[in-house]
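What follows is a short report on a single structure.
The values are calculated or read from the model by the stated rules, or taken from the named source; none is laboratory data. Note that the coordinates shown come from a computational prediction; the quantities given were computed from them, not determined experimentally. Cβ coordinates were reconstructed from backbone atoms using ideal geometry, including for glycine residues, and neighbour counts include every protein chain displayed.
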Amino acid sequence: MDLNYSSEQQNFRNEVQRFLAESLPQDIRQRVRDGDQGRFKEDVQSWQSILHQHGWAAPAWPVEYGGTGWSKVQQYIFETECALADAPPQLAFGIKMIGPVLIRYGTPAQQQKFLPGVLSGTDWWCQGYSEPGSGSDLASLRMQAAREDDHYVLNGQKIWNTLGQFADWIFCLVRTDSSGKPQRGISFVLVDMKSPGIAVRPTRLLDGTYEVNEIWFDNVRVPVANRIGEENEGWTCAKFLLGHERTNIAGIGPSKRALLQLKQNAAGVIQDGTSLLEDALFSTKVAQVEIDLMALEITNLRVIVADAEKRAPGPEASILKIRGTEIAQRISELQLEVFGATALSFESESRIAGIEGAVSEARPPSNASADYLNLRKLSIFGGSNEIQRNIIAQMILGL
């Protein structure tokens, strides 16, 4: 399953593959392949530092902000090849979320202060959007930010915060005005996670990991200078960021890698002299998900062309979000079919990231069950798939 690249694009792809072969440390590659997250933060930051030294830290950013100047197709090739090579993911909260927001809406002073740490990977960012009762209906958020001279005082709670246990900074949507339309009273602020009054409480997930957190804010003081955009106009930044988040959720590269692993695993299961990959029923299932992934890849390229024309991703991003998450989940389901009863047991400790006392152990023969359980989240976060279907119905079908 491959695109028909031009000679120039193929040359670039070869360059990326050579770089990955020479520069991606083997121990990091092996941990990513094994699903071992015992050194997750260290691996992500080490890889970001390598990319930064090579000038490839932010593929999608403009050159004047430290980006590469690559075309959108080159960016896509780079991300896909990184996934296929078992490279750690770049931290999307920095490179793909707060970075683009700062470039589009930040002041020069804010850009100078925050962008270098995003590029180098020294500053770990997380997202503060969802609250109890305010998930897909994000505009109903209630976390208060009361203005006191040149500071805001934050009180409230954020939930389903991903990797906040590692974070140096969090970008938050906060309520600065409760009168009028809900979207009009929201502001977008950047908060130092070392600020007094912040408490991070991990939540154990189905697969046994501590990937998400509750974050409590008790009279947390944030300089007004850390607000992006005008007061009460943060919804503009929020929509811009969510479009980029949902595009990223398509996950073409990781799904390609998972599909290759699925085929390899199925080819290794032999029954009556025939591999499972050659079984008519199972091979049909694999072919169907591969076709769906090819169609998603073409749609993804259409969206990145729209982004190249300086348009924020629109309802097409919702299509990517839905199909990308469904395909990833489907591949994980087929992995369970491959491993059968041997997939029932897994050791979650090898997948726990960032919790004191967690142990990194050798990967069990199959992490299929853990992967399956973890990927159930995909159709919920970033705006649930049900909400995305409403967006498609309203903005594309006119219903």
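Annotations for the structure displayed:
- Restricting attention to the range 265-279, the residues that are of a type in the set (Gly, Ala, Ser), part of a helix (DSSP H, G or I) and either out of contact with any helix residue (DSSP H, G or I) (no Cβ under 6 Å at 6 or more places or on another chain) or touching a residue at least 24 places away in the same chain (Cβ under 8 Å) (or both) add up to 1.
- So Leu242, is it surrounded by fewer than 16 Cβ atoms within 10 Å (Cβ to Cβ), of a type outside the set (D, E, K, R) and under 26 Å from the mean Cα position of the chain (by Cα): no
- Boolean, Ala250 is in a loop (DSSP other than H, G, I, E, B) and either crowded, with 17+ Cβ neighbours inside 10 Å or within 30 Å of the chain's Cα centre (by Cα) (or both): yes
- Filtering Asp177, Asp207, Asp192, Asp218 for residues that are within 30 Å of Ala83 (Cβ to Cβ), of a type in the set (Asp, Glu) and more than 17 Å from the chain's Cα centre (by Cα) leaves a single hit, Asp207.
- Complete set of residues in the range 4-41 that are of a type in the set (Val, Ile, Thr) and in contact (Cβ under 8 Å) with a residue 60 or more places away in the chain: Val16, Ile28
The rows are residues; the columns are (1) modelled with pLDDT under 95; (2) part of a strand (DSSP E or B).
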{"site": "Lys113", "(1), (2)": "no, no"}
{"site": "Pro116", "(1), (2)": "no, no"}
{"site": "Leu119", "(1), (2)": "no, no"}
{"site": "Ser136", "(1), (2)": "yes, no"}
{"site": "Asn155", "(1), (2)": "no, yes"}
{"site": "Ile170", "(1), (2)": "no, yes"}
{"site": "Leu190", "(1), (2)": "no, yes"}
{"site": "Gly208", "(1), (2)": "yes, no"}
{"site": "Val220", "(1), (2)": "no, yes"}
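- Within the set Val174, Val153, Val118, the sole residue that is under 23 Å from Glu214 (Cα atoms), buried (at least 23 other Cβ atoms within 10 Å of the Cβ) and among the β-branched types (Val, Ile, Thr) turns out to be Val174.
- When residues in the range 356-394 are screened for being surrounded by 13 or more Cβ atoms within 10 Å (Cβ to Cβ) and either polar (S, T, N, Q) or modelled with pLDDT of 80 or more (or both), 25 of them pass.
- Against the conditions (1) touching a Pro at 6+ places or on another chain (Cβ under 8 Å); (2) at pLDDT 65 or above, Glu347 satisfies every one except (2).
- So Gly106, is it in contact (Cβ under 8 Å) with a residue 24 or more places away in the chain and more than 23 Å from Gly253 (Cβ to Cβ): yes
- Checked against (1) modelled with pLDDT of 85 or more; (2) not in a helix (DSSP H, G or I), Gln329 passes all but condition (2).
- Residues of the range 280-311 that turn out to be in a helix (DSSP H, G or I), modelled with pLDDT under 95 and of a type in the set (Lys, Arg), as a count: 1
- Residues in the range 12-65 that are among the aliphatic types (A, V, I, L, M) and either surrounded by 13 or more Cβ atoms within 10 Å (Cβ to Cβ) or closer than 27 Å to Asp168 by Cα (or both): Val16, Leu20, Leu24, Ile28, Val32, Val44, Ile50, Leu51, Ala57, Ala58, Ala60, Val63.
- Scope the range 199-239; condition in contact with a Phe, Trp or Tyr (Cβ under 6 Å, 6 or more places away or on another chain), over 28 Å from Gln388 (Cα atoms) and surrounded by 19 or more Cβ atoms within 10 Å (Cβ to Cβ); matching residues: Val222
- Breaking point among (1) buried (at least 21 other Cβ atoms within 10 Å of the Cβ); (2) in the same structural domain as Gly185 (by TED's automatic domain parsing), for Gln144: (1)
- Meets criteria (in contact (Cβ under 8 Å) with a residue 40 or more places away in the chain, of a type in the set (Val, Ile, Thr), more than 26 Å from Asn265 (Cα to Cα) and not assigned by TED's automatic domain parsing to the domain that holds Ala167) for Val63: no
- Flag for Gly180 being buried (at least 20 other Cβ atoms within 10 Å of the Cβ) and farther than 21 Å from Gln90 by Cβ: no
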